[in-house]
Amino acid sequence: ETVRLQVMQHVINAYQSSASGLLQSATNRLLEQEKLNAKLRVDKGGVDAENDLKHQQLKETLTKLQANLATLSEHLSQPMATLQEEEQGVSRIEGRKEDEEEANQEDELLMIWEDSEQHKYYEEVLDPKDVIPAVLLTSGKQAAEISAVDSEAAADKEDKSREKKSETAEDKAEAKAQMASDFELYLTRLTKSETAKQIDDMVVEFFHEFNTKGNRRRLAEEFLRVPRTKLHLLAPHARFIAVVAPYLKDVHNYVFTGLQQELEQMMADKDPIAIESKVRTVRYLCELCKFKVCPQGVVLDMLKSFCDNFSQHNAELCANLLQCCGRFLLYTPETATRTDNLLERMMRLQKAKSMPLRLEIMLEDSYYHVKPPASKRQKMKQKDPLELFTQHIIFDRLYKEEDEDKILK
């Protein structure tokens, strides 16, 4: 009995000393492979069969190891092995490296956006759950009111059911007609909203007043039908989609799928007359990419396809893509390498092929917009507090409040 207990104790000690290390090692290998696959997906547009197979094998190995350790912990009456937390203490050298990395990230952030206002517009996106009740995020105002009325009138529902049927039908028809009219006005106002605050207010209004399945479909169709001559609406619409995407997936999916279909048709169509519509589609996807709604790989694949067939038509689309989204892709660490390679390839193609002067100027302007010379790089413009206050008085107060004399005093 004593020998058996000693052997059991040795087994428990071996389990305690090695289980966590084995689990940590297998997890680290899987995470490293996932990072490599993610980098390949961004740099090359896909993961090769060898790395994909390796990822699957590492995942299966980790799963089997977890199952075996769970069995051992159960039979030995020991707690399941857990992953070790990373050490928080760092040496001076590591601290300096981290400081340098933070400085580099700040420099890259300054290069991505032209000024602080643009940075706020694309990065500081409203989360609807902070300002809208949870019930309205999924069911809308009408459903919330109906559920509240139903709960209050549950006691006398049976007595008045017959009388209410005809009245309810008439009320629903009138309410539906009124809502349709109100929603038309809402869509008209939406096309005139461009600032971040205006878009956020329109989002809140939609969730409170118009969040129904039919209205979501009409809203998505409205977003997809942006006229090719109104490119200034693409960024506000993209911000609206980015705000509602976590809660209204049907709107995001409809617009994104529609734009991808337009992109496929655009690549197959060689008609130069439709260049304005193609520019609209390209810029729309770029705006969604900056809001992290469209995957970055989609835009990079689009740029690669333009370079593969570098006609005058596609050269103009390359210039528009880079002007809209080039800096974001180049100075985002995950896409920097692939974007830089495509940029250099585009400039080699531009020099090798005979292009009209207009296109040469467009391509060079877009290239130096994305990669300005070091001497011309400027830090993000910070506005003076007095200038910010003046803008607030003029644009936020003076134009929105009726009592102008009171504001000016």
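From largest accessible area down, sort Ile393, Ile132, Ile361; use a 1.4 Å probe on the protein chains.
Putting Ile393, Ile132, Ile361 in descending order of accessible area: Ile361, Ile393, Ile132.
Sort out for me the Cα centre separation of the stretch 191-230 from the stretch 278-355, rounded to whole Å.
Cα centroid to Cα centroid, the span is 28 Å.
What figure in square angstrom, to the nearest 10, would you give for the accessible area of His10 with a 1.4 Å probe?
130
Could you look at the stretch 177-251 and say what percent of its accessible area is carbon and sulfur, using a 1.4 Å probe and all protein chains?
Carbon and sulfur atoms account for 53 percent of the accessible area of the stretch 177-251.
Suppose R0 equals 22 Å; then what is the FRET efficiency for Lys230 and Ser311 from their Cβ-Cβ distance, rounded to the nearest 0.05?
0.25
What list of ³J(HN,Hα) values in whole Hz, one per residue of the stretch 27-32 in order, does the Karplus curve 6.51 cos²θ - 1.76 cosθ + 1.60 (θ = phi - 60°) give from phi, with Gly and Pro shown as x?
Ordered by residue, 3J(HN,Hα) equals 5, 4, 4, 5, 5, 5 Hz.
If a paramagnetic tag sat 7 Å from the Cα of Glu276 along the Cα-Cβ line, which residues of the stretch 321-344 would have the backbone N under 15 Å from that point?
Under 15 Å, as judged by backbone N against the label point of Glu276, lies no residue of the stretch 321-344.
What do you get for trypsin sites (Lys or Arg not before Pro) in the stretch 321-362 restricted to DSSP loop and a cutoff of at most 14 other Cβ within 10 Å of the site's Cβ?
Here the sparse-neighbourhood loop sites are Lys353.
How high is the FRET efficiency from Lys292 to Asp201, r the C-beta distance, R0 25 Å, rounded to 0.05?
Computed FRET efficiency for Lys292 and Asp201: 0.70.
Taking a probe of 1.4 angstrom, what is the accessible area of Lys192 in Å², to the nearest 10?
150
Taking a probe of 1.4 Å, how large is the accessible area per residue of the stretch 193-251, in Å²?
On a per-residue basis, 42 Å².
Translational D (Stokes-Einstein, µm²/s) of the stretch 179-334 at 4 °C and 1.567 mPa s when Rh comes from the Kirkwood sum over C-alpha pairs?
Rounded, D is 80 µm²/s.
If R0 is 51 Å, what FRET efficiency do you get for Thr71 and Leu357 from their C-beta distance, rounded to 0.05?
Using R0 = 51 Å, I get an efficiency of 0.10.
Lysine pairs in the stretch 236-334 with Cα distance under 19 Å, only those 8 or more apart or on different chains: how many are there?
The result is 7.
The values are calculated or read from the model by the stated rules, or taken from the named source; none is laboratory data. Nothing here was measured: the structure is a model prediction, and the numbers come from that model. Neighbour counts run over all protein chains shown; Cβ positions are idealised from the backbone, glycine included. Areas reflect the complete protein model, heavy atoms only, side chains present, ligands, DNA and RNA absent. Shrake-Rupley method; radii C 1.70, N 1.55, O 1.52, S 1.80 Å.
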